[in-house]
Structure formats: C-alpha cells, structure tokens
Amino acid sequence: MTIHIGAKPGEIAETVLLPGDPYRAKWAAETFLTDVTCVNEVRGMLGFTGMWKGNRVTIHGSGMGMPSLSIYVNELIKDYGAKTLIRIGSCGAMQEKVAIRDVILAMTATTLSTPSRGIFKEINFAPCADYGLLRAAADAAASKGSATHVGGIYSSDVFYDERPDLNEQMIRHGILGVEMEAAELYNLAARHGCRALAVLTVSDHLITHDALPSDQREKSFGDMVEIALEAAFA
Ligand code: ADE
C-alpha cells in the first residue's frame with residue numbers, strides 16, 4: 001500500500017492505462033478486460049487489474065490536472081513498478097482541421113508550468129511521447145478508421161482559462177488540442193525510464209465551440225481504450 005493506492009505488492013501490472021475519471025476506469029476494465037480485480041478504492045480513485053489478449057493490464061484513474069496525476073503516477077512507477085503508462089482522456093480542439101470525436105496522439109506536451117517546474121527551473125524541458133508507443137497507436141488508430149492527428153498538445157493548469165492570449169498563442173503555433181495532464185506524465189516517464197503516451201478524443205472545440213454529445217462519449221472513449229491497449233502490446 002502507498003499513501004494513495006491501496007493495492008498490495010504485485011497487484012498492479014507493468015502496463016497502466018490512465019483515464020482521468022475513476023468511473024471510466026471501472027467501465028473500461030469491465031468492458032475490455034477479463035479476470036478483473038479492483039485494486040484501489042482509496043479516496044474513490046478506482047483502479048482495476050485484469051487481462052487483455054493474454055496481457056496483464058491495470059486501468060487506474062489519474063484525477064484531473066497535473067498535481068493529481070503526479071501523485072498516482074509517482075506511486076505507480078516508484079512503488080509498483082509500472083513501466084508503460086498511457087493516458088486516455090478528452091481534450092479541446094485548437095485547430096480548424098481537428099473535429100469533434102477525432103483522435104489526437106500527443107507527440108509533445110507544452111505547458112506554462114507543471115509539478116516538475118521546481119526541478120527544471122529555467123530550463124524549458126520538452127516532454128515527449130515514447131516513439132514506439134506513438135507509432136503503434138497511430139497504426140492502431142488507422143486500422144480502426146479513426147480520424148487521427150499526431151502532433152503537439154497543450155497541458156493547461158486551468159479549465160476555465162481567463163487568459164485567452166495563451167490559447168491564442170498555442171493555436172498560432174499549431175498546437176492540436178488542450179488537456180490538463182499529459183505533460184507531467186511525460187516528465188515523470190522521462191525521469192524514471194518509462195514509456196508514456198497520451199491518446200485523446202476531442203470532446204469540445206475552442207474555435208467552433210462544438211461539443212461531443214453525451215450519448216457519443218462512451219463510443220469515443222471505447223475507441224481510445226482499444227487504441228491504447230493495441231499500442232501497449234504491439
Ligand atoms: N479537456 C477536455 N476539454 C478541455 C478543455 N477545453 N480545456 C482543458 N481540458 C480539457
């Protein structure tokens with residue numbers, strides 16, 4: 001057990017999928033895995049370990065924002081030996097060419113600040129995805145026929161952003177979408193020699209103001225889970 005994860009030693013797999021929402025972790029584990037065990041319920045942050053096509057996988061909530069993700073990812077890596085960590089979540093589109101429901105594979109994640117700021121100080125470290133995972137996810141998304149974009153995203157600390165100039169600069173520099181977790185996942189993976197990737201579905205659009213209807217959220221989320229599982233074990 002760690003401070004935030006109640007799993008016993010050995011109950012977490014080396015491959016971990018990380019949705020923000022703990023109930024999405026439950027749904028994904030029950031829908032895509034077999035032999036599922038609930039391994040964490042501390043503070044309602046649910047984690048499940050099961051099997052997918054003969055491979056052991058954990059699906060664990062990260063919570064929203066980089067400080068929350070940092071707690072779980074630090075403990076998953078340092079205390080439970082996680083080696084491959086894939087965020088599955090939603091994002092807001094920042095380019096006209098990106099549509100609601102499209103998949104974004106985050107090659108890099110730009111930030112204003114992350115929980116790692118204290119380590120990097122004046123250095124602008126460039127958090128990036130593991131190339132093998134990125135390539136395998138692009139192949140998996142293509143074979144599912146998902147409209148997919150590969151490129152940079154922006155990991156923000158604020159959902160209700162009162163500094164629209166920041167979004168404008170991201171849009172101007174070709175950033176595909178905004179979410180709130182990937183940059184710190186990539187920082188931690190780099191620090192500890194792990195593989196990481198963020199697979200995102202567009203749930204809202206910062207330019208057109210479209211939004212994904214709630215009845216279509218489950219299907220889009222399911223597609224991401226399959227892309228992440230296929231990439232992890234390619
Ligand atoms: N996640 C999904 N949509 C988002 C947005 N517009 N901003 C930040 N995170 C998001």
Subject >> Filtered residues of the stretch 136-158 (kept if touching a residue at least 60 places away in the same chain (Cβ under 8 Å), over 19 Å from V225 (Cβ atoms) and either more than 12 Å from the ligand (Cβ to nearest atom) or open to solvent by 30 Å² or more (accessible area, probe 1.4 Å) (or both)) >> reply: D157
Original post:
Could you say which residue among S90, S113, S68, S62 is open to solvent by 10 Å² or more (accessible area, probe 1.4 Å), within 16 Å of the ligand (Cβ to nearest atom) and under 23 Å from E14 (Cβ atoms)?
Top reply: S68
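Residues being open to solvent by less than 30 Å² (accessible area, probe 1.4 Å) and of a type in the set (A, V, I, L, M): count how many of those fall in the stretch 119-135. Don't jump to the end; show me each part of the working.
Within the stretch 119-135, the subset open to solvent by less than 30 Å² (accessible area, probe 1.4 Å) is 127, 129, 133-134.
Within this subset, residues satisfying the condition of being of a type in the set (A, V, I, L, M) are 129, 133-134.
Total meeting the criteria: 3.
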Subject >> Subset of the stretch 186-234 (residues that are aromatic (F, W, Y), within 19 Å of A82 (Cα to Cα) and open to solvent by less than 50 Å² (accessible area, probe 1.4 Å)) >> reply: Y186
Original post:
Which residues, taken from the stretch 159-185, are assigned to a helix (DSSP H, G or I) and either surrounded by fewer than 24 Cβ atoms within 10 Å (Cβ to Cβ) or away from the ligand (no atom under 16 Å from the Cβ) (or both)?
Top reply: P164, D165, L166, N167, E168, Q169, M170, I171, R172
Original post:
Do any residues in the stretch 87-113 that are under 12 Å from L200 (Cα atoms) and of a type in the set (D, E) have Cβ atoms under 8 Å from those of residues that are open to solvent by less than 40 Å² (accessible area, probe 1.4 Å) and not in a loop (DSSP other than H, G, I, E, B), where the two are at least six apart or on different chains, and which pairs are they?
Top reply: D102/A93; D102/H149; D102/T201; D102/V202
**OP:** Given the conditions (1) touching a His at 6+ places or on another chain (Cβ under 9 Å); (2) within 16 Å of A232 (Cβ to Cβ); (3) of a type outside the set (A, V, I, L, M); (4) open to solvent by 30 Å² or more (accessible area, probe 1.4 Å), report the number of the one that K78 does not fulfil.
**Re:** (2)
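For L206, are the conditions met, namely being within 15 Å of the ligand (Cβ to nearest atom), at pLDDT 95 or above and touching a Pro at 6+ places or on another chain (Cβ under 9 Å)?
No.
The values are calculated or read from the model by the stated rules, or taken from the named source; none is laboratory data. Quick caveat: nothing in here was measured; it's all calculated off a predicted structure. Quick reminder, even Gly has a Cβ in these numbers, built from the backbone with ideal geometry, and neighbours come from all protein chains shown. Just so you know, the surface numbers come from the protein's heavy atoms only, side chains and all, with ligands and any DNA or RNA stripped out. Shrake-Rupley method; radii C 1.70, N 1.55, O 1.52, S 1.80 Å.
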